[in-house]
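Below is one structure, written out as structure tokens; the observations come after it.
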Amino acid sequence: MSENKIYDIVIIGGGPAGLTAAVYAARGGARVLLLEKNAPGGQMLRAAHVENYPAFSATSGFELALKMVEQAEKFGTEILYDVFTGAERENGLKKIKTERNGTFYTKALILCMGAVPKKLSITGEEEFLGRGVSYCAVCDGSLFKGKTLFVVGDGAVAAEDALYLSSLKNKVYLAASASALSAPESVVERIKLDSGITFLPHTRITAIKGGKRVESVLVRTGTDTSEYPADGVGVAAGHVPAQSESIGGENLKTDEKGYLVTDELLRLTADGIFAAGDIRAKSLRQIITACSDGAIGAEAALKYIRETAKNDA
């Protein structure tokens, strides 16, 4: 077992929970490795406008993510871009397996993989992924300018996605299955005032059609079905928890929706495995609550390491 592959704390996931955990753990003197499979920021990257994060009257999720990464690295966090493929226990440590960089070992593990976009499960969704179908308007919006687009969803993310895409001079249809948007009133007012957005309540997309790219969508409003020309579909229909691997064959406790269940210190097990952020069962999923989780999880992990060392002395 190579010494340079042994860490005090390994964090899986580089969203706001993981990055905050990294800041607190590294500042606490731990050797920290953060594993992220894509770009750091998680769902925060989808937010074109962040107006409810303390000390920032307005920023973007991308800018906020950059600042969090800089802060984590400033305190000594090592960030590795690789895919976490599982973990098991070995000689009192947790053995972390990755897709490209082999294995690492850690005294404590914090799972911060977040949640992933919920799919519509309709004809054409998989076929046109990357060819007009997107789950991240902010990531892919630059590919759509002056187009006709559909955004699917009832919540604040769908509303923000529609506003962002409209700002790129697109014609946007916002299709919501409910009668109204579940979003802050200020956001709803912006939707109403935006001439580039047409709100379609009680509406579902039933199929996506096209040739090499998306060309049209089938839409059902009540009992009526229509076909609309469209160049793209942005899916913002909610999220489901990212799949969490079992640890050494031990299935971690989840709620009925698949979110990990922790105690008040964010412990999943008694031997140093924690969960933080949107992967955890909780009542509110926001950037600020993910950061709170990250801080609590890191402090609990540091305490676990200190107590374990004291008991082994």
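Do any GluC sites (Glu not before Pro) in region 20-113 lie in a DSSP loop with no more than 11 other beta carbon atoms within 10 Å, and if so, which? Of the GluC sites (Glu not before Pro), the ones in loops of region 20-113 whose Cβ has at most 11 other Cβ atoms within 10 Å are E99.
For region 269-295, the residues whose backbone nitrogen is under 15 Å from a point 7 Å from the Cα of F56, taken along Cα to Cβ, are 286-292. Connecting C-alpha atoms closer than 10 Å in a GNM of the chain, tell me which of I208, I122, I279 has the biggest fluctuation. Result: I122 has the largest fluctuation of those listed.
In this simple spin-label model, placing a label point 7 Å from the Cα along the Cα-to-Cβ direction at both L80 and K192 gives a separation of 5.3 nm. Placing +1 on the Cβ of every Lys and Arg and -1 on the Cβ of every Asp and Glu, with nothing else charged, gives the chain a dipole about its Cα centre of roughly 320 debye.
Once backbone amide H atoms are built at 1.01 Å from N, G155 has S182 as its partners under 5 Å, excluding neighbours fewer than 5 places away on the same chain. Build a GNM of the chain with springs between Cα atoms under 10 Å apart, and of D263, D278, D293 the one that fluctuates most is D263.
Cβ screening of the chain for cysteine pairs under 4.7 Å finds these without a partner: C112, C291.
For region 164-229, what class follows from the C-alpha gyration tensor (a ≥ b ≥ c being the square roots of its eigenvalues): rounded when a/c is under 1.5, otherwise prolate if a/b is larger than b/c, else oblate? Because a/c hits 1.5 or more and a/b fails to exceed b/c, region 164-229 counts as oblate. Using the Cβ of A309 as centre and a radius below 15 Å, the other residues enclosed give a net charge of +1, where K and R count +1 and D and E count -1.
For S195, the solvent-accessible surface with a 1.4 Å probe is about 120 Å², rounded to the nearest 10. Taking the Cβ of T98 as the center, what net charge do the other residues with Cβ under 10 Å away carry, scoring Lys and Arg +1 and Asp and Glu -1? Overall, the nearby charge balance is +1. The shape of region 127-248 comes out rounded: with a ≥ b ≥ c from the C-alpha gyration tensor, a/c is under 1.5. Shape call for region 1-138 from the C-alpha gyration tensor, a ≥ b ≥ c root eigenvalues: rounded (a/c under 1.5), prolate (a/b greater than b/c) or oblate? Judged from the Cα gyration tensor, region 1-138 comes out oblate (a/c at least 1.5, b/c at or above a/b). Length gained on full extension, T206 to Q71: 44.2 nm, using 0.36 nm per residue less the C-alpha separation. When both region 190-232 and region 237-277 are represented by their alpha-carbon centers, they are found 36 Å apart. Compute the signed sum of charges (Lys and Arg +1, Asp and Glu -1) over the other residues within less than 15 Å, Cβ to Cβ, of S283. Result for the neighbourhood of S283: -1.
The values are calculated or read from the model by the stated rules, or taken from the named source; none is laboratory data. Predicted model, so just to flag it, every value in this text is computed and none were measured. Positions of Cβ are backbone-derived with ideal geometry, glycine not excepted, and every protein chain shown enters the neighbour counts. Accessible surface is based on the protein model in full, side chains and every heavy atom, while ligands, DNA and RNA are left aside. Shrake-Rupley method; radii C 1.70, N 1.55, O 1.52, S 1.80 Å.
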